[in-house]
1. Only one of these is out of contact with any Cys (no Cβ under 8 Å at 6 or more places or on another chain), over 25 Å from Leu17 (Cβ atoms) and either in the same structural domain as Ala167 (by TED's automatic domain parsing) or among the charged types (D, E, K, R) (or both): Glu125, Glu103. Name it.
2. I need the full set of residues from segment 293-308 which are in contact with a strand residue (DSSP E or B) (Cβ under 6 Å, 6 or more places away or on another chain) and touching a residue at least 40 places away in the same chain (Cβ under 8 Å), in order please.
3. Residues that are outside the structural domain of Asn331 (by TED's automatic domain parsing), within 30 Å of Arg312 (Cβ to Cβ) and in contact with a strand residue (DSSP E or B) (Cβ under 9 Å, 6 or more places away or on another chain): does segment 421-430 have at least one?
4. Filter segment 166-184 down to the residues that are among the small types (Gly, Ala, Ser) and under 24 Å from Leu253 (Cβ atoms), then identify the one that is surrounded by the fewest Cβ atoms within 10 Å (Cβ to Cβ).
5. For segment 194-313, give me every one of the strands (runs of 3 or more DSSP E) that falls completely inside it and has 1 or more residues that are within 30 Å of Arg22 (Cα to Cα) and among the hydroxyl-bearing types (Ser, Thr, Tyr).
6. What do you reckon, is Leu400 in contact (Cβ under 8 Å) with a residue 12 or more places away in the chain, of a type outside the set (D, E, K, R), closer than 28 Å to Ala305 by Cα and assigned to a helix (DSSP H, G or I)?
7. Consider segment 436-449. How many of its residues are in a helix (DSSP H, G or I) and under 33 Å from the mean Cα position of the chain (by Cα)?
8. Scan segment 403-421 residue by residue and report those that are at pLDDT below 90 and either within 18 Å of Pro267 (Cα to Cα) or in a loop (DSSP other than H, G, I, E, B) (or both).
Amino acid sequence: MTPRFPEPAVTPGSTPLAARLRELVAADPTRPLASDGDTVRTRAEFDARTNRLARAFADRGVARGDLVSIALPNTVRHLECSVAAWKLGAVPQPLSAKLPDVERDAVLAVGRPALTVTVESDVDESGHDDEPLPDLIGPSWKAPTSGGSTGRPKLIVAGQAACVEQALARVDGLRLDRDGVMLCTAPLHHNAPYMFSLMALLQGHHVVLMQRFDAARTLELVGEHGVTWLYVVPTMMGRMLRLPPEHWDSAALGSLRTVLHVGAPCPPEVKRGWLDRVGPGTVLELYSGTESQAGTAIDGHDWLAHPGSVGRVVRGEMKICDDDGRELEPNETGEIWMRSDGPAAYHYLGAVARERGGWESLGDMGHFDEDGWLHLADRRSDMILVGGANVYPAEVEAALIAHPAVRDAVVVGLPDDDYGRVVHAIVQPFPEVSPAPAELREHCARLLSRYKIPRSVELVEHPLRDDAGKVRRSELAAARRPVAGSRPSAEGCRS
């Protein structure tokens, strides 16, 4: 199959990712490389198995430049499939193992992979040779999928070739040093946990996969494995902070050198709770998209000096513009536009970038302060225009979560004949707690301007976000859209 995306330039002498794995085997063949609670693979075992698996993939028609879709749960097998694809010069493409057939088919129609690996159709590599394959450098090292706020699938093909020099070019800024222990708490079908797990594996880390996130078990695993690099998202961080004190009292966290979080705005009280428990020098926050045109970073010390910021630009370029494309002054909120300071960072399959004069936007809103620290507001598509005034859901959600009875909250806009749209809050209380909608609205009134107060409050008993902290506001809003002409009740409801 001819690649449907540009091939990045590769410097002569670059190291294929398979060659890096052989180097790790030579250095310490019996050191654990990946485990998932059920399975442990040493470096030598992992290398041999992926050699056999690559040959089994080749028997099914996989060749250099092809996509290999991987719809597996968080297991060592998932990582083995990615590395086997690299060994053929193919591009691994992670998918959720829980996607309904219709959604999976839509993604596969965009990607047209040469092979799709699922739990039901896993590939048997037994009987194949486990000797090294000829070294190949594929045109990309990953191609995660995203539906974004639209729900329409697209593949984001990384602009870095499958060689050490390109795939690991940013590793120092992530503090992913050599031979540590990385704990992956989130699903591998999301870009960040997938990317960091593969980078950690290539750095010789023992990559410990959680098949399902559990707050208490996360703390235990840090001590059991001597985890040095922990990946979490704010939803997980909040759940862990709410554990009974004895869990933290018995936790052995001394091995931690980095706690990295991405994926969603982090409520200030959650951030401070983690800074108190593991130290501000340990916590690192990143802001970027899967497209990775540009990014910011901030550690705990800088966050305490600039509360609420997601950091200064450390890669690429960013600017804040209004709807007409005019660059805004510090402290003015607008749309965040980015561009790479080098070769193309990615290529879409199934989508076209939102582009203006060489700059691209992912739809996020925010502002820079006078010193160049970025503060996020919300996605442009999530912003609620109430009677001409902008309401950013994250601000309202933070106010709701500050109520002691609220475990989580998601805010969406619903149509209104008078205001155009009004704020609707979907609230998950803590178990055995039932705050009245009027009580929550009064709480918000003490923290927010009048037009930002939820017009209606809905109480639910189920989680509002997945384990990676993701939420599809458009789907939640569509399911609650009132009949034309009706107005949501301020008294709320329970569902």
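1. Details: Glu125 fails: over 25 Å from Leu17 (Cβ atoms).
Checking each option against the conditions leaves just Glu103.
2. Matches in segment 293-308: Gln293, Ala294, Thr296, Ala297, Ile298, Gly308.
3. no
4. Step by step, filter segment 166-184, then rank; the result is Gly173.
5. Output list reads 229-232, 258-261.
6. Numbers: in contact (Cβ under 8 Å) with a residue 12 or more places away in the chain: yes; of a type outside the set (D, E, K, R): yes; closer than 28 Å to Ala305 by Cα: yes; assigned to a helix (DSSP H, G or I): yes.
For Leu400, the condition - in contact (Cβ under 8 Å) with a residue 12 or more places away in the chain, of a type outside the set (D, E, K, R), closer than 28 Å to Ala305 by Cα and assigned to a helix (DSSP H, G or I) - is met.
7. Result for segment 436-449: 6.
8. Listed by number, the residues that qualify are Asp417, Asp418, Tyr419.
The values are calculated or read from the model by the stated rules, or taken from the named source; none is laboratory data. Just so it is clear, the structure is predicted and the values come from calculations on it, not from any experiment. Here Cβ is always computed from backbone atoms with ideal geometry, including for glycine, and neighbour counts include all displayed protein chains.
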